[in-house]
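Participant: Handing you a structure now.
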Amino acid sequence: MASFDIVSKVDPQTLENAVNTAKKELQTRYDLRDTKGGIELDKKANTITLSSENSMRVKALEDILLARVVKQGIDGTALDFTAEEQASGALVKKVIKVRAGVDKEAGRKIIKAIKDGKAKVEAQMQDDQVRVTAKKIDELQAAIALVRRADIGQPLQFVNMKS
């Protein structure tokens, strides 16, 4: 049986490089020169914290971060910007989650897309990945094309192809 795994990963070193270049741009931009706060990466919690004096500057930090992440080759949908801004003292903070792993909802969407495409494959959820198996590699490639066309809402990689 041929198989492959559908995963969602972000290279931590690439993400750190993107955050560092965003910090450098923050220091050199004239409109944000005297900004208190900044951009911080928490590797253990897999989050990025933006902080500034007002929500307009936090939005500017979001734009800088997103541009740097995309320039580093990371898909912009890997960052979850849906969190609300929180005021803490004189600063406004926003915590951005970095999506890693296929969660249950995204796994259901992937499996549904494969089943709706009537591909001759079997898909099953395993922890934070989806394993797809079939008798032929051609059927697996058709399943990859189906998943790429579907809007899952996070970046996906197709790894561990075995025949």
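The values are calculated or read from the model by the stated rules, or taken from the named source; none is laboratory data. Computed from a predicted model, the values in this text were never measured in an experiment. All Cβ positions, even for glycine, are placed from backbone atoms using ideal geometry, and neighbour counts span all protein chains on display. Please note that ligands, DNA and RNA were not included when accessible areas were found on the heavy atoms of the full protein model with its side chains. Shrake-Rupley method; radii C 1.70, N 1.55, O 1.52, S 1.80 Å.
Participant: What about Lys118, is it more than 16 Å from Gln157 (Cβ to Cβ), basic (Lys, Arg), at pLDDT below 85 and more than 15 Å from the chain's Cα centre (by Cα)?
Facilitator: yes
Participant: Shifting gears a bit: Restrict the check to segment 108-128 and report whether at least one residue is loosely packed, with under 14 Cβ neighbours inside 10 Å and of a type in the set (A, V, I, L, M).
Facilitator: No, the conditions are met nowhere in segment 108-128.
Participant: Can you pull out the residues in segment 130-139 that are within 15 Å of Val7 (Cβ to Cβ) and either open to solvent by less than 40 Å² (accessible area, probe 1.4 Å) or free of Cβ contacts under 8 Å to residues at least 60 places away in the same chain (or both)? First the steps, then the outcome.
Facilitator: Keep residues of segment 130-139 that are within 15 Å of Val7 (Cβ to Cβ), which gives 130-132.
Val130, Val132 - these are the residues of segment 130-139 that are within 15 Å of Val7 (Cβ to Cβ) and either open to solvent by less than 40 Å² (accessible area, probe 1.4 Å) or free of Cβ contacts under 8 Å to residues at least 60 places away in the same chain (or both).
Participant: Under the condition of being aliphatic (A, V, I, L, M) and touching a helix residue (DSSP H, G or I) at 6+ places or on another chain (Cβ under 7 Å), which residue from segment 20-60 is nearest to Gln72 (Cα to Cα)? Walk me through it before giving the result.
Facilitator: Pass one, segment 20-60, residues aliphatic (A, V, I, L, M): 22, 26, 32, 39, 41, 45, 48, 50, 56, 58, 60.
After this cut, where a residue has to be touching a helix residue (DSSP H, G or I) at 6+ places or on another chain (Cβ under 7 Å) as well, the list is 22, 26, 32, 39, 41, 48, 50, 60.
Values: Ala22: 11, Leu26: 17, Leu32: 22, Ile39: 17, Leu41: 16, Ile48: 16, Leu50: 19, Ala60: 19 Å.
So, considering only residues that are aliphatic (A, V, I, L, M) and touching a helix residue (DSSP H, G or I) at 6+ places or on another chain (Cβ under 7 Å), the one nearest to Gln72 (Cα to Cα) is Ala22.
Participant: Can you find a residue in segment 63-80 that is out of contact with any Gly (no Cβ under 9 Å at 6 or more places or on another chain), over 29 Å from Ile152 (Cβ atoms) and outside any loop (DSSP other than H, G, I, E, B)?
Facilitator: Checked segment 63-80: no residue is out of contact with any Gly (no Cβ under 9 Å at 6 or more places or on another chain), over 29 Å from Ile152 (Cβ atoms) and outside any loop (DSSP other than H, G, I, E, B).
Participant: With the requirement that a residue be open to solvent by 10 Å² or more (accessible area, probe 1.4 Å) and touching a residue at least 40 places away in the same chain (Cβ under 8 Å), what does segment 16-36 give you?
Facilitator: Answer for segment 16-36, where residues must be open to solvent by 10 Å² or more (accessible area, probe 1.4 Å) and touching a residue at least 40 places away in the same chain (Cβ under 8 Å): Asn17, Thr21, Glu25, Lys36.
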